[in-house]
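**Q** Here it is: the structure, laid out below.
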Amino acid sequence: MSENKEKKSVFMSKLLKENPVFGLYLGICSTLAISTSINNAIGMGVCVTIVLVLSNILVSCVRNITPEDIHIPVYIVIIASLVTVVSMVVHAFAPTLFSSLGAFLDLIVVNCIILGRAEAFASMNPIGPSAKDGLNMGLSYTVSLLAISLIRQLLGTGMITWDNPFTGANVFSLRIIPETFTLPLMTSQVGAFLTFACLAAAVAAINNKEAK
Amino acid sequence: MNLFTLFLSAMLINNIILSKFLGMCPFMGVSTRTSNAFGMGIAVIFVIFGASLLSYALYYLVLVPLELEYMELITFILLIAAFVQLTDMIIKKHSPTLYKQLGIYLPLITTNCAVLYVAMDNITQKYNLIETIVNSIAVPAGFMLMLVIFATIRERLQGNDVPKAFAGNPIAFIIAAIMAIAFTSLSGLV
């Protein structure tokens, strides 16, 4: 039981302290822009996680044969190729997701989390741990994205919906807040900044409390 | 589209930071002092202008004739990295004072998503050469405007008593939210 509890606390501290979005402020651009709906958040989170795991594996494979001077261009080419592939796959199999993510799918290339992990972790560690690190970071990115989008969608539209990403058909939809009480502001840019600020402050408050 | 309208809408209404959320990292990182914000703004204008024109030429003169449009992402990001490196070297050689002022912000522009976005946006919007030039000046000009305004507010904020959890970045996001409200009202302009 206690071992289980310890595992849980390690997971929570990873999620809160080393959270790439709220703790380290990486990859904020896409987080703010994509978090308008739960569908987008999950789609983007999955794409980023896939790219992150694969790029960590590939970077880890070439880490001993990459000359020190040109390692950044090499990593960027690896990441850009992976993003191109993922973007083509999404375009082919999930066209609605592709159009709602828009330019941000291609902009995964310049997401600081991916290059940051390649540089800070995968370039120094063997393949197994690198893949695990990519999965870890990708999942906490997805969870952060999901938290923001849940708040924004709930307050902005009053509904929780889930569409099938491959066909675009509505699978699940539930109204929680009546339409009169919704805040359309939350789905606009303003809501993104506000939600992010409050969540980041909450994470900071929890971390401060633990530090004491 | 009217060129002036294009300029205004790219700079103010569809402001790259407040409505597209691009370039947030330098926006949060460099905006603590006005002088830094100013230098970064100039560097970003130069890099976005140069890199978008080069990628425009690369796309229509090389990729389209060879039918390699899907290589857009890889070639553009390499071009931007090379261009930033080149700018870095030129400024270092010809104007050491400016180089000192810009410091580490120059190499960091490579990972500024605004650069890649403008280069790709020019292609997806099917702008012609003149529209590309106007767009590639207007977008970074809007970026610089935001950066400088934001830096002046943050300088004032440093002495203020902010709730502990909000200190640092969270309060900066609250300010950004208030600025976004102000800028939404500009959308009636065009």
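Here, each number is a calculation from the coordinates, and none is a lab measurement. Model, not experiment: these values are computed from the prediction. Note: ideal-geometry Cβ built from the backbone for every residue, glycine included; neighbour counts use all protein chains shown.
**Q** Sorted by mean Cβ packing within 10 Å, highest first, what order do the peptides A:54-61, B:175-182 take?
**A** A:54-61, B:175-182
**Q** How much FRET efficiency would the formula 1/(1 + (r/R0)^6) give for residue A:93 and residue A:135, where r is the Cβ-Cβ distance and R0 is 22 Å, rounded to 0.05?
**A** 0.50
**Q** Over all residues in A:192-205, what is the mean tally of Cβ atoms on other chains that come within 10 Å of each residue's Cβ?
**A** Partner-chain Cβ atoms within 10 Å, mean over residues of A:192-205: 6.
**Q** Now, a different point. Would you please classify the overall shape of chain B from the alpha carbon gyration tensor, given that a ≥ b ≥ c denote the square roots of the eigenvalues, rounded means a/c under 1.5, and beyond that prolate means a/b larger than b/c while oblate covers the rest?
**A** Cα axes put chain B in the oblate bin.
**Q** Could you work out how far helix B:72-94 tilts from the main Cα principal axis of chain B, as a 0 to 90 degree angle to the nearest 10?
**A** It works out to around 70 degrees.
**Q** Turning to a different aspect of this structure: So what is the calculated 222 nm ellipticity per residue for the protein assembly as shown, using -39500 (n - 2.57) for each DSSP H run with n of 4 or more, over all residues, to the nearest 500 deg cm²/dmol?
**A** So the calculated ellipticity at 222 nm is -22000 deg cm²/dmol.
**Q** Taking the 0 to 90 degree range and rounding to the nearest ten, how far is the long axis of helix B:34-58 tilted relative to the main principal axis of chain B, both from C-alpha atoms?
**A** Helix B:34-58 sits at roughly 20 degrees to that axis.
**Q** Rounded to the nearest 0.05, what FRET efficiency is calculated for residue A:46 and residue B:100 with R0 set to 60 Å and r the Cβ-Cβ distance?
**A** Values: r = 44 Å, r/R0 = 0.73.
Efficiency for this residue pair is about 0.85.
**Q** At what distance in angstrom do the alpha carbon centres of segment B:143-190 and segment B:104-141 lie from each other?
**A** Using only Cα atoms, the two centres lie 23 Å from each other.
**Q** Evaluate the relative contact order of chain A (contact order divided by residue number), counting alpha-carbon pairs under 8 angstrom at least 6 apart; express in whole percent.
**A** Values: 274 pairs, mean separation 64.1, N = 212.
Averaging sequence separation for qualifying contacts and normalising by length gives 30 percent for chain A.
**Q** Based on Cα coordinates alone, diagonalise the gyration tensor for the protein assembly as shown, multiply each eigenvalue by 5, take square roots, and list the semi-axes in whole Å, largest first.
**A** Working: eigenvalues 188, 142, 120 Å².
Working from the Cα gyration tensor, I get semi-axes of 31, 27, 24 Å.
**Q** Work out the FRET efficiency for residue B:89 and residue B:155 from their Cβ-Cβ distance, taking R0 = 25 Å, and round it to the nearest 0.05.
**A** 0.20
**Q** Taking the Cα centre of the protein assembly as shown as the origin, how large is its charge dipole in debye, to the nearest 20, when only Lys and Arg (+1) and Asp and Glu (-1) carry charge on their Cβ atoms?
**A** 1000
**Q** Ok, one more. Normalise the Cα radius of gyration of segment A:24-211 by 2.2 N^0.38 Å (N = residues in it) and let me know the number.
**A** 1.12
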